[in-house]
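The values are calculated or read from the model by the stated rules, or taken from the named source; none is laboratory data. What you see is a predicted model, and the numbers here were worked out from it, not measured in a lab. Glycine also receives a Cβ, built like all others from the backbone with ideal geometry; neighbour counts cover every protein chain displayed. Ligands, DNA and RNA are stripped out before the accessible areas are found, and what is left, the full protein with its side chains, is counted by its heavy atoms. Shrake-Rupley method; radii C 1.70, N 1.55, O 1.52, S 1.80 Å.
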Amino acid sequence: MPDDAPLLSVRDLRVSFRTFDGQADVLQGVNLDVPRGTRVGLVGESGCGKSVTMKTIMGTLATPPARVTHGQIMFDGQDLLTMPAARRNRLKGTDMSMVFQDPTTSLNPVFRVGHQMEDIVRWSDRRRGIQRNHKARKARVLEVLEMVRLADGERIYDAFPIQLSGGMRQRIIIGMALLNEPRLLIADEPGTALDVTTQDEILRLMDDLVREEGLSLLMITHNLGVVRQMTDHVYVMYAGSVVEDSPTAELFDNPSHPYTKALLACVPKLDGTATYEGIGGSLPDYTDPPAGCRFHPRCPHATDRCLTRPPAFTVRPGHTAACWLHEPEAHA
Amino acid sequence: MSGNLLELNQLSKRFPVRKGLFQRVVGHVNAVDGVDLTIGRGEIVGLAGESGSGKSTVARMIVGLLTPTEGTVTFDGEDVSKQLGTLAFKRRVQMVFQNPGSSLNPRRSVADALKVPLRVHGVPSSTWAERIRSLLEMVELPATFAQKYPHELSGGQKQRVAIARALAVQPELIVLDEPTSALDVSVQAKVIELLLRIRDELDLAYLFISHDLSLMRNFSDRVGVMYLGKLAEMGTSDDLFLRPQHPYTQGLLASIPVVSEAEEALKPTQRHLKGEIPSPANVPSGCRFRTRCPHAFDACREVAPTFHELSATHASRCHLHDPALAGSAEPTKA
Ligand SMILES: Nc1ncnc2c1ncn2[C@@H]1O[C@H](COP(=O)(O)OP(=O)(O)OP(=O)(O)O)[C@@H](O)[C@H]1O
Ligand SMILES: Nc1ncnc2c1ncn2[C@@H]1O[C@H](COP(=O)(O)OP(=O)(O)OP(=O)(O)O)[C@@H](O)[C@H]1O
Ligand SMILES: [Mg+2]
Ligand SMILES: [Mg+2]
């Protein structure tokens, strides 16, 4: 496997759900790469399919009702979707980790932090087929607590989650995801409100870890500010497909898809010039989505053209937008 | 000032800390510690500050969900400290919470949810249907939504119902505790626009609590920044966001994630705040912010700073504004 191939590469991923109202075609051909040692962001509004994408990658999507109808998920050169279940399970518990940045669901209030973390080490060891005693497992836990900059490891090991501050709990959750020495970290940020300083501190920590531990990061969020601060490359998702992807700085300097522009316009700006128009309409019903570009019913630039689904056109090197406005001929 | 709708005077809340088998009181948490705040009619006042700084506790005292330990609340010129939880006062002050899902009863239709406050406040039942129709119209939901149940609504729609419910009794002040944190930016934009329109139409005042400081900058007329139960700085949105004076405010603003270089340039260049907010059960001596302050000097350990009026609208609680004390210390950079 050449080292310049992405660690994770999702190709034309399509996922449908069986629902009461019929078949919901949620993912409509998602393409996404996470090159080694980089930080990649996946942004989009609630319901656009970020978590379905992530769960499909992690193999935690319940099938049924979900069905992967098409596509590949290459991890380190192997297709996760076709490999034997046992092998995939092993990968899931060792080479990739999830961070749900929601302390209330990730930490059990009735067990001590150390106990919960050691459990994870035990599970990950079992998946790898190794065995360590309590002392060695505890050593690993303390090592990780230090990695996430929790100074007083011994005390935290014995603490219950409630005895720790929100920021400390966030660090522990990140630590839990590092226990198995993953190569890919997937962080799914919830909509809950962290204060700006805690958020900032956690983002910096993740950033340091990615660099120091040579991790690759896939960060899922609907906070565009966080994406701008934290990632090297961004994928913008709308209604089940990637509508724009670009190096991060370039995306914010030169947003090209009408959806990306509309989304950016909704973010209140620090210069006090907010307008509150929002985006007219709402996400489509996945059991009966619009033909062609799924954004066209809400798009100010929509034409008949948009009834045909646009491919990803190159806007600049490394920057694509799936919108007919960017069809090369249109510029000539 | 006579024109104020709401005046908080040295408002404080102390929670007992209990321990052990017999739940003995072993200390106190000064969640809110002497807050002075005014809100004018039709004014939007924001409260910012890190998690645990006491914002929600202030809000909960105003709407009568918590009883103040000390201090007074004046509403429309009248001392209402003793009436905070009463029906008569609740009619004038309503609250909208962060989580639109959990604040609505899943087994109650939208119409039923809106009837509750009407019934409680003795609005004649003959007018309910008409009232519900106009409330839905006010929050821009189709009249057919009256028959819907919470699970049929999106997050933004639920929040509109929660706002309609707050409006049902024609309050003068609505406390908004993170009303849009659970919503997408596009939905948030529409809810904020709605809140602004209602404010203009009904001359409502809002107390607005949020961690989204960019939103606060746009939405609020004035903003107070809380730290460990006390206001550190208070001013107009322009005062605070263009000319932040308290080192804590500067640190907070430096951490805001923004989406453009132009905004980046507006953030204070100060280093990011280090360390954690201390426990409110164990507040540092002198200035409570000194343990994290990049400018702290000797006096900060010994003397608690008072508010310094920097202009008619702008005040900051920091020794750096006191030439006698700060003479040798380095000045703050705005
Ligand atoms: N088990 C399921 N059955 C039916 N539909 C589902 C199921 N899981 C997800 N969906 C649908 O897939 C769509 C995408 O959901 P997903 O959870 O991926 O959104 P998201 O982008 O993660 O949103 P959020 O930002 O709110 O987390 C939604 O319309 C959702 O209703
Ligand atoms: N019922 C209670 N009993 C004991 N302590 C409490 C109680 N309610 C709040 N506190 C404490 O009071 C302090 C202030 O809490 P509050 O909820 O007002 O903070 P906040 O500024 O609203 O924070 P956030 O941004 O996280 O919502 C915290 O230290 C909190 O733990
Ligand atoms: Mg999700
Ligand atoms: Mg709160």
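Within the bounds of segment B:219-236, is there any residue that is in a helix (DSSP H, G or I) and open to solvent by 10 Å² or more (accessible area, probe 1.4 Å)?
no
Could you tell me how many of the residues in segment B:157-194 are open to solvent by less than 10 Å² (accessible area, probe 1.4 Å) and within 14 Å of another protein chain (Cβ to nearest Cβ)?
Total satisfying the criteria: 9.
Taking the stated definitions as given, is A:G93 under 30 Å from A:C266 (Cα atoms) and either touching a Phe, Trp or Tyr at 6+ places or on another chain (Cβ under 8 Å) or within 16 Å of ligand 2 (Cβ to nearest atom) (or both)?
Spelling it out, it is not the case that A:G93 is under 30 Å from A:C266 (Cα atoms) and either touching a Phe, Trp or Tyr at 6+ places or on another chain (Cβ under 8 Å) or within 16 Å of ligand 2 (Cβ to nearest atom) (or both).
Specify which of the listed residues (A:F75, A:F111) is more than 22 Å from the chain's Cα centre (by Cα) and among the aromatic types (F, W, Y).
A:F111
Within segment A:198-232, can you find the residues that are within 13 Å of chain B (Cβ to nearest Cβ) and either in contact with a His (Cβ under 6 Å, 6 or more places away or on another chain) or without any contact (Cβ under 8 Å) to a residue 12 or more places away in the chain (or both)?
A:D200, A:R204
Could you list all residues from segment B:65-119 that are in contact with a His (Cβ under 8 Å, 6 or more places away or on another chain) and among the aliphatic types (A, V, I, L, M)?
B:L87
What helices (runs of 4 or more DSSP H), lying completely within segment A:162-273, carry at least 1 residues that are not acidic (D, E) and not assigned by TED's automatic domain parsing to the domain that holds A:G59?
It comes to A:166-178.
Just to be sure I understand the filter: pairs with C-beta atoms under 8 Å, separated by 6 or more residues or on different chains, first member in segment A:32-56 and closer than 16 Å to A:L7 by Cα, second member within 14 Å of ligand 3 (Cβ to nearest atom) and open to solvent by 30 Å² or more (accessible area, probe 1.4 Å). Which pairs pass?
Listed by first residue and then by second, the contacts come to A:M54/A:M98.
Considering only residues that are open to solvent by less than 70 Å² (accessible area, probe 1.4 Å) and farther than 20 Å from B:Q188 by Cβ, which ones fall in segment B:125-141?
B:T127, B:W128, B:R131, B:I132, B:S134, B:L135, B:L136
Restricted to segment B:182-218, and to residues that are in a helix (DSSP H, G or I) and of a type in the set (S, T, Y), which residue is nearest to ligand 3 (Cβ to nearest atom)?
Ranking the candidates gives B:S186 first.
Only one of (1) within 16 Å of ligand 4 (Cβ to nearest atom); (2) open to solvent by 40 Å² or more (accessible area, probe 1.4 Å); (3) at pLDDT 90 or above is not met by B:E201, so which one is it?
The single condition B:E201 does not satisfy is (1).
Need at least 1 residues that are modelled with pLDDT of 95 or more and farther than 14 Å from B:G49 by Cα per element, so show me which helices (runs of 4 or more DSSP H) inside segment B:237-311 make the cut, counting only ones lying wholly within it.
In segment B:237-311, the matching helices (runs of 4 or more DSSP H) lie at B:237-242.
Here's the yes/no breakdown for (1) farther than 26 Å from A:D285 by Cα; (2) in a loop (DSSP other than H, G, I, E, B); (3) modelled with pLDDT under 90:
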{"position": "B:K115", "(1), (2), (3)": "yes, no, no"}
{"position": "B:G122", "(1), (2), (3)": "yes, yes, yes"}
{"position": "B:E130", "(1), (2), (3)": "yes, no, no"}
{"position": "B:E140", "(1), (2), (3)": "no, yes, yes"}
{"position": "B:F145", "(1), (2), (3)": "no, no, yes"}
{"position": "B:G156", "(1), (2), (3)": "no, no, yes"}
{"position": "B:L176", "(1), (2), (3)": "yes, no, no"}
{"position": "B:T180", "(1), (2), (3)": "no, yes, yes"}
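For segment A:126-144, indicate whether the set of residues that are of a type in the set (V, I, T), more than 19 Å from the chain's Cα centre (by Cα) and within 14 Å of another protein chain (Cβ to nearest Cβ) is non-empty.
Scanning segment A:126-144, I find no residue that is of a type in the set (V, I, T), more than 19 Å from the chain's Cα centre (by Cα) and within 14 Å of another protein chain (Cβ to nearest Cβ), so the answer is no.
Which residue, of A:P297, A:P311, is within 19 Å of A:L263 (Cβ to Cβ) and surrounded by fewer than 20 Cβ atoms within 10 Å (Cβ to Cβ)?
Only one candidate qualifies: A:P297.
State yes or no: is B:L136 aliphatic (A, V, I, L, M) and within 13 Å of chain A (Cβ to nearest Cβ)?
In short, no.
State whether one or more residues within segment A:129-146 are at pLDDT below 85, open to solvent by 10 Å² or more (accessible area, probe 1.4 Å) and farther than 23 Å from A:M206 by Cα.
yes
Only one of (1) within 14 Å of chain A (Cβ to nearest Cβ); (2) closer than 23 Å to A:D285 by Cβ; (3) modelled with pLDDT under 85 fails for B:L104. Which number is that?
The one condition B:L104 does not meet is (1).
Going by what's in this entry, would B:R217 be described as at pLDDT 90 or above and more than 9 Å from chain A (Cβ to nearest Cβ)?
For B:R217, the condition - at pLDDT 90 or above and more than 9 Å from chain A (Cβ to nearest Cβ) - is not met.
For residues in segment A:211-240 being more than 20 Å from B:E263 (Cα to Cα) and open to solvent by 10 Å² or more (accessible area, probe 1.4 Å), which is nearest to the chain's Cα centre (by Cα)?
It comes out as A:Y235.
For segment A:9-76, which strands (runs of 3 or more DSSP E) that fit wholly inside it have 3 or more residues that are more than 15 Å from A:A239 (Cα to Cα) and open to solvent by 40 Å² or more (accessible area, probe 1.4 Å)?
Those strands (runs of 3 or more DSSP E) span A:66-75.
Pairs, please: C-beta under 9 Å, at least 6 apart or cross-chain, first residue touching a residue at least 60 places away in the same chain (Cβ under 8 Å) and in the same structural domain as A:C48 (by TED's automatic domain parsing) and in segment A:285-300, second part of a loop (DSSP other than H, G, I, E, B) and away from ligand 1 (no atom under 15 Å from the Cβ)?
The qualifying pairs are A:R294/A:R309.
Any residue at all in segment A:314-329 that is touching a helix residue (DSSP H, G or I) at 6+ places or on another chain (Cβ under 6 Å) and without any contact (Cβ under 8 Å) to a residue 24 or more places away in the chain?
No, segment A:314-329 contains no residue that is touching a helix residue (DSSP H, G or I) at 6+ places or on another chain (Cβ under 6 Å) and without any contact (Cβ under 8 Å) to a residue 24 or more places away in the chain.
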